[in-house]
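In what follows, a structure is listed as structure tokens, so that the remarks can point back to it.
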Amino acid sequence: MDEKPTWSEEASTTFIDYGRYFVPDRAQQMETICRLIPPPDGPFVVMELSHGEGLLAEAILARFDTAVVHGYDISPQMRQTAVTKLARFDGRFHSHYFDLREHAWRRPDFIPQAIVTSLTVHHLDGPEKQQLFRDMHAILAPGGAFIIADLIAPANSWANTLAADAWDEAVREQTQQLDGNTDRFAEFERLEWNLFRHSDPDFDKPSRLLDQLNWLEAAGFTAVDVYWLRAGHAIFGGYKTGD
Ligand SMILES: C[S@@+](CC[C@H](N)C(=O)[O-])C[C@H]1O[C@@H](n2cnc3c(N)ncnc32)[C@H](O)[C@@H]1O
């Protein structure tokens, strides 16, 4: 039996309902990730780890009309939502079941030209992240990109307080912009979603950004960089050297 704490269907429902309020600058994050994928000059395959309701896959498929996205997720509700949402892309989206922590899925029968993931790698601890980075480098096509959007661990208590406050501020701002009131911010607080204030270390295991950049380099990635950062959320990654 799996004793590890896992993502619940209740969390999927909450995230589908509130993601646009709770994730800072969601549209900008999606656009940033898309812009870091080397533009294809023919058919190409993108692998997405934990595709959720399919927002990032949707942005990639809309931007690159030769792309096929193989998305993976553990949640039946997320998978069903994404498949329904992306049906209009005529077979260019495939959803597979996986548990990020397991290893069999890391030997796909295709070669991805890009691997992307948003808000999920922080469920792995440090050694598991390092193994993931090595495994993704091994399967990525030469010249391909590995781009991670995720929560990161602030380096000290001052940075933690700053990240916590900045996340609250971002959510308050978004709820006001989207709804003209801050009711959804009250929901964010009630659900204790701000892990910089309400951490559950068995479930949320964000690592320091500097460590993750070093682990990416150690895994073989080049041009490792941070592309965007706000409120303890970062987009970072690297490229696999071409042939
Ligand atoms: C916060 S949501 C992010 C969804 C999507 N990537 C996005 O940015 O909209 C976290 C996602 O990770 C998935 N997830 C959580 N734990 C997982 C695990 N152990 N293995 C695979 N997927 C997992 C959830 O089902 C959910 O879709």
Provide the per-residue ³J(HN,Hα) series for segment 8-21, in order, calculated from phi with Karplus coefficients 6.51, -1.76, 1.60 and θ = phi - 60°, each as a whole number of Hz, with x at glycine and proline positions. 9, 5, 4, 5, 4, 4, 4, 5, 5, 6, 10, x, 5, 8
When ranked by the protection proxy of mean other Cβ atoms within 10 Å per residue, highest first, what sequence do the peptides 155-164, 132-141 form? 132-141, 155-164
Within-14-Å neighbourhood charge of I16 [Cβ basis; K, R +1; D, E -1]: -2
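From the helices alone, meaning DSSP H stretches of at least four residues, give me the mean residue ellipticity at 222 nm for the chain, per-run term -39500 (n - 2.57), in deg cm²/dmol to the nearest 500. Intermediate results must be reported in sequence, preceding the final value.
On the way: 8 runs with 99 residues, N = 243.
Estimated from H runs of four or more residues: -13000 deg cm²/dmol.
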So what's the Cα pair-distance distribution over the chain, bin width 5 Å, in %? 1, 6, 14, 18, 20, 18, 12, 7, 3, 0, 0
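About the Cα centre of the chain, what is the dipole size in debye to 20, counting +1 per Lys and Arg Cβ and -1 per Asp and Glu Cβ, all else neutral?
Values: 22 positive and 37 negative charges, 115 e Å.
Result for the chain is approximately 560 debye, rounded to the nearest 20.
What's the local net charge at H198, with K and R +1, D and E -1, over the other residues with C-beta under 10 Å away? Intermediate results must be reported in sequence, preceding the final value.
Working: positive: R197; negative: E189, E192, D200, D204.
Computed value for this residue: -3.
Taking the convex hull of the Cα atoms, report for segment 101-152 its projected area averaged over all directions, in nm².
On the way: hull surface 14.4 nm².
Over every viewing direction, the Cα hull of segment 101-152 projects on average to 3.6 nm².
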Using alpha-carbon coordinates, inclination of helix 126-139 to the longest axis of the chain, degrees: 30 degrees
To test your reading of the geometry: what angle, between 0 and 90 degrees and rounded to tens, separates the Cα axis of helix 26-36 from the longest principal axis of the chain? 20 degrees
Karplus-derived HN-Hα couplings along segment 39-48 (A = 6.51, B = -1.76, C = 1.60, θ = phi - 60°), whole Hz, x at Gly and Pro: x, x, 10, x, x, 8, 10, 10, 10, 10
Using alpha carbon centers only, segment 1-67 is separated from segment 172-187 by a whole-angstrom value of 23 Å
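Quick note: the coordinates plus some simple rules give every number you see, no bench work behind them. Here the structure is a predicted model, which means the values were calculated and not measured. Here Cβ is always computed from backbone atoms with ideal geometry, including for glycine, and neighbour counts include all displayed protein chains.
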